[in-house]
Amino acid sequence: MTGQFGNPAGAHVGPVLDGNTDTRGLVDDVEREHLATGYGAKVRQLRKGAGLTQAQLGQLAGIGVTHISRLEQGRRRPSVDATKALARVLSPVLDPTALEQRLAGLAGESLREGAARRKRRQENKHRREAADLIGKQIKRVRRQIAVAESRGLPVSETMRALAGSSLPERLAPVQDDPGIEGYEPVRSARDRSEEIRDLIKSVTRGRRR
């Protein structure tokens, strides 16, 4: 999917869901009307039907009241995480999947990935890469141990401990959190630029260790 609306205004502050400091996702007038009459109106309808105030919905969903207000007014692009959190609280049935998809459909091309989700995805990628690297090191140590034992040479306890490590097996299954089935969130130019900056920072931190 490609976005058809204007770029969100404001500078990103941090990967938070409470909406009080993260200004990314704020929208222009055209997109605001689209969101207010669709996504925002549906959230407001469900919230009032459940007898909840914005503050109460925010507490139950883990989202700040400012964020809830902006979503209902169409003043903020909804993220996948926020949509899933709202659906868990507002869904009239136990399984929130149908409501997640309904809200995602109403958001359309305004549905965004969100900084928190992107950060988790990047961290999981690093964990899998680290698990793969450690796994290769362990295989190499095991081969060294086999060669040493075949020649009757001593093997240190450190090498045996590394060879028996289950760390790669524990890290490798890490998966990204599921999104909303059938919907791909928009990744704007701003999102991609910040993802690149985050990657550069993580690489720099790794070199300093």
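What follows draws every value from the coordinates through simple rules; no lab data is involved. Every value quoted in this text rests on a predicted model; they were computed, and no experiment measured them.
In table form, for the structure just shown:
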quantity	calculated
Reachable lysines, given that their alpha-carbon falls under 28 Å from the alpha-carbon of LYS48 and they are not under 8 places away in the same chain	LYS84
Whole-number percent relative contact order across segment 71-182, with pairs defined as alpha carbons under 8 Å at least 6 apart	32
Computed lengthening from ALA98 to THR158, 0.36 nm per intervening residue step minus Cα-Cα distance	16.4 nm
